Amino acid sequence: MGESFHDAVINCVLCAEAEFALDDFVTVAEFGEPIYPYLKPIDTVCNAPDSDFWHTLIEADNYHALQLLEYLYAGKVDCIYIDPPYNTGAWDWKYNNDYVDGSDAYRHSKWLSFMEKRLKLAKKLLNPKDSVLIVTIDEKEYLHLGCLLEEMFSEANIQMVSSNISRKGASRMNSFTRVNEFIFFIMIGDYVLEPLDDADYAKKGETIHWQSFRRSSAANIRTSRPFQFYPIYVDIESHKIVKVGDAIPHEMDRFAVEQIDGCVAVFPVRDDGTEMMWGELLKNVVIELRKAM
């Protein structure tokens, strides 16, 4: 068998010596000389024949990626979404190439310095006439982040909203169960918030899931509380609730209920066919519907 590439390299080194200039291998920047990031193409995907849209996926450290975008799109970006490390105390982020953990007495100030550098770049990218910055965070740093955003984006309208991430909640030792995180919206320039009250939340042909209204635990099957198993009639075209039917006894087949022309009867049924129960009593649903009408 012929010698391997590794063996050939070793043999070549043993046979002869050669000298090379250091500059041929290492690029050195003089003090104060700028170093510009660049994009190295890895792969491409062709657009569909009827589409003019194009996208660029940048694989890099977030800070370096933002630096690169600053040269190309300063003041031109309409929306930036940032999902930073939450500084939970775990080794999930680095400062000056070292992981920061819960024992670091300066982990909050390090996190703020870490965030400030990235937010400064983000601000340069955002369109000052009409743009939005969105930042997610949890309770460990939301107060510090809020103060930092107020200082850096004093001209913007800043609002924090709560985002429900788990209905059941994430249990923690000797702490309250956490069900939410927070989202900061930093709205810049002549932005407009468009209400979605009249939006179509379900399109024709899509599967509608009612998890937020249907009980999900194994104990909440239909037979446990028959008064919370009833049909909700939804108009097939408009997707609006037309009527709430009467509760039916557990021995009655749900397909035997009254049918309304142009409507479908919706029950609290899992995808596997298990009949559950609604999260509200029939009378409470009727009251809420009357309020909305």
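Restricting attention to the stretch 61-77, the residues that are closer than 11 Å to residue 122 by Cα and part of a helix (DSSP H, G or I) total 8.
For the stretch 85-133, the candidate set comprises residues that are closer than 19 Å to residue 64 by Cα and assigned to a strand (DSSP E or B); within that set, the residue that is most open to solvent (accessible area, probe 1.4 Å) is 99. Contact map, the stretch 36-56: residues that are surrounded by 10 or more Cβ atoms within 10 Å (Cβ to Cβ) paired with residues that are of a type outside the set (Gly, Ala, Ser), Cβ distance under 6 Å, separation 6+ or inter-chain. Pairs shown: 37/64; 37/67; 37/68.
Here is a yes/no grid of residues against (1) closer than 21 Å to residue 116 by Cα; (2) of a type in the set (Asp, Glu); (3) at pLDDT 75 or above; (4) not in a helix (DSSP H, G or I):
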{"residue": "7", "(1), (2), (3), (4)": "no, yes, no, no"}
{"residue": "14", "(1), (2), (3), (4)": "no, no, no, no"}
{"residue": "34", "(1), (2), (3), (4)": "no, no, no, yes"}
{"residue": "59", "(1), (2), (3), (4)": "no, yes, yes, yes"}
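A search for C-beta distances below 9 Å between a residue of the stretch 63-88 that is free of Cβ contacts under 8 Å to residues at least 40 places away in the same chain and any residue that is surrounded by fewer than 17 Cβ atoms within 10 Å (Cβ to Cβ) and acidic (Asp, Glu), counting only pairs 6+ apart in sequence or on different chains, returns 65/59; 85/92. Counting only residues that are open to solvent by 50 Å² or more (accessible area, probe 1.4 Å), polar (S, T, N, Q) and assigned to a strand (DSSP E or B), the stretch 134-167 holds 4 of them.
Residue pairs whose Cβ atoms lie under 8 Å apart, separated by 6 or more positions or on different chains, with the first residue in the stretch 157-181 and closer than 26 Å to residue 132 by Cα and in contact (Cβ under 8 Å) with a residue 60 or more places away in the chain and the second open to solvent by less than 50 Å² (accessible area, probe 1.4 Å) and hydrophobic (A, V, I, L, M, F, W, C), do not occur. Looking across the stretch 149-163, just one residue is farther than 17 Å from residue 181 by Cα and of a type in the set (Ser, Thr, Tyr), and that is 154.
The values are calculated or read from the model by the stated rules, or taken from the named source; none is laboratory data. Worth saying up front: this structure is predicted, and the values here are computed from it rather than measured. Note that each Cβ is placed from the backbone with ideal geometry, even for glycine, and that neighbours are counted across all protein chains shown. Just so you know, the surface numbers come from the protein's heavy atoms only, side chains and all, with ligands and any DNA or RNA stripped out. Shrake-Rupley method; radii C 1.70, N 1.55, O 1.52, S 1.80 Å.
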